[in-house]
Amino acid sequence: MIDTHAHIDDPQYQEGFDAFIRQQQAAGVERIIVPGISAASIEPVRKVCLAYPDYLVPGIGLHPEEVKDGWREELETLYRELCAHTDFYKAIGEIGLDYYWDKTYKAEQQEVLRTQLRWAAEHDLPVIIHNREATEDIVRILREAQVEHQHALRGVFHCFTGSRETAQQILDMGFYLGIGGVLTFKNSKLGLTLADLPLERLVLETDSPYMAPVPYRGQRNESRYMIEVVRMLAEVYKVSPEEVNRVTTHNANELFRLK
Ligand code: NI
């Protein structure tokens, strides 16, 4: 299993961090991608990833909820960091649009997204997309960016929970769907949506510390809990958990070029 999205730079993981990592490894978690969300997260992400260079994989980016008045300076800081450590970062993310909490900076969020898509094309890195109530704008901006950058963009829609139609739009752009704990929630329709979509286009994730799967729902999430998501996917696709594991691990290795 590869966890393509875990905020384990979060302070709540730092006590007993080494033991925590050993537990994930013992449970069969092969790698964990740690996305950045802001200039302030550069240092914590660097710190944990430098401690486990072959295991924790860093991303860098400005999350849409972090787009506030100082966004230009923050982008400059992030871009400087990216260019200073081009071999270190394996993804641009978490980036995207979020209209759920606050639409004040809607135009700025779009500008910030476009800029970071340019970085991804320039540095040949995948993007980790956060989308909340902004599907139409994200798909439009990504399609425009694909044309602008000669279809060089690749990436994942993290925590995908959308419709069949949205899924198809995402797959048509060559992107992957990030599937996590939501799949195990009692009222989730996600399994039905996924059933007709290729397993070859899914990657696993947790969104730790959030989105813990059943039976851990509400607790601090951990990458090893993805086994619950794997079991559910095995039911959806009528294959063995081992096969889900094999295919999704392959997908993550391809997308993030981990091998
Ligand atoms: Ni996230």
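The values are calculated or read from the model by the stated rules, or taken from the named source; none is laboratory data. No experiment lies behind these values; they were computed from the predicted model shown. Cβ: placed from backbone, ideal geometry, glycine included. Neighbour counts: every protein chain shown. Protein only, heavy atoms only, side chains kept; ligands, DNA and RNA dropped before computing areas. Shrake-Rupley method; radii C 1.70, N 1.55, O 1.52, S 1.80 Å.
Descriptive notes on the structure:
- According to the Cα-based calculation, Rg over Rh for the stretch 124-204 is 0.96, with Rh computed by the Kirkwood formula.
- Counting only protein heavy atoms and a probe of 1.4 Å, the accessible surface of the chain is 48% carbon and sulfur.
- Rounded to the nearest Hz, the phi-derived 3J(HN,Hα) couplings of the stretch 27-43 under the Karplus curve 6.51 cos²θ - 1.76 cosθ + 1.60 (θ = phi - 60°) are 8, x, 7, 7, 7, 9, 8, 10, x, x, 10, 6, 5, 5, 8, 4, 5, where x marks glycine and proline.
- Evaluated on the stretch 150-259, the Kirkwood hydrodynamic radius is 14.1 Å, with distances taken between all distinct Cα atoms.
- Extension reserve of the residue 214-residue 186 stretch, reckoned as 0.36 nm per residue once the Cα distance is removed: 9.2 nm
- Over the chain: helical MRE at 222 nm, DSSP H runs n ≥ 4 each giving -39500 (n - 2.57), nearest 500: -13000 deg cm²/dmol
- For the chain, fraction of C-alpha pairs farther apart than 33 Å, in %: 13 percent
- The stretch 43-105 and the stretch 208-249: distance between their alpha carbon centers, rounded to Å: 26 Å
- Distant-in-sequence amide contacts of residue 208, defined by a placed amide H-H separation under 5 Å and a gap of 5 or more residues or a different chain, comprise 7.
- Placing R0 at 35 angstrom, the Cβ-Cβ distance between residue 243 and residue 108 gives a FRET efficiency of 0.20 after rounding to 0.05.
- Here the simple spin-label model places points 7 Å from the Cα toward Cβ, and for residue 12 and residue 235 these points are separated by 2.6 nm.
- A protection proxy built from the mean count of other Cβ atoms within 10 Å ranks the segments 56-66, 71-81, 158-168, 9-19, most packed first, as 56-66, 158-168, 71-81, 9-19.
- Selection of trypsin sites (Lys or Arg not before Pro), the stretch 171-210, meeting DSSP coil and at most 13 other Cβ within 10 Å: 186, 189
- Packing-based order for 141-147, 178-184, using average beta carbon neighbours within 10 Å, highest first: 178-184, 141-147
- Spin-label model, residue 83/residue 253: points 7 Å from Cα along the beta carbon direction are separated by 3.5 nm.
- Signed unit charges on C-beta, dipole axis of the stretch 142-259, positive-most listed residue 157, 248, 226: 226
- For the stretch 131-250, the relative contact order works out to 20 percent when only alpha carbon pairs closer than 8 Å and six or more residues apart are counted.
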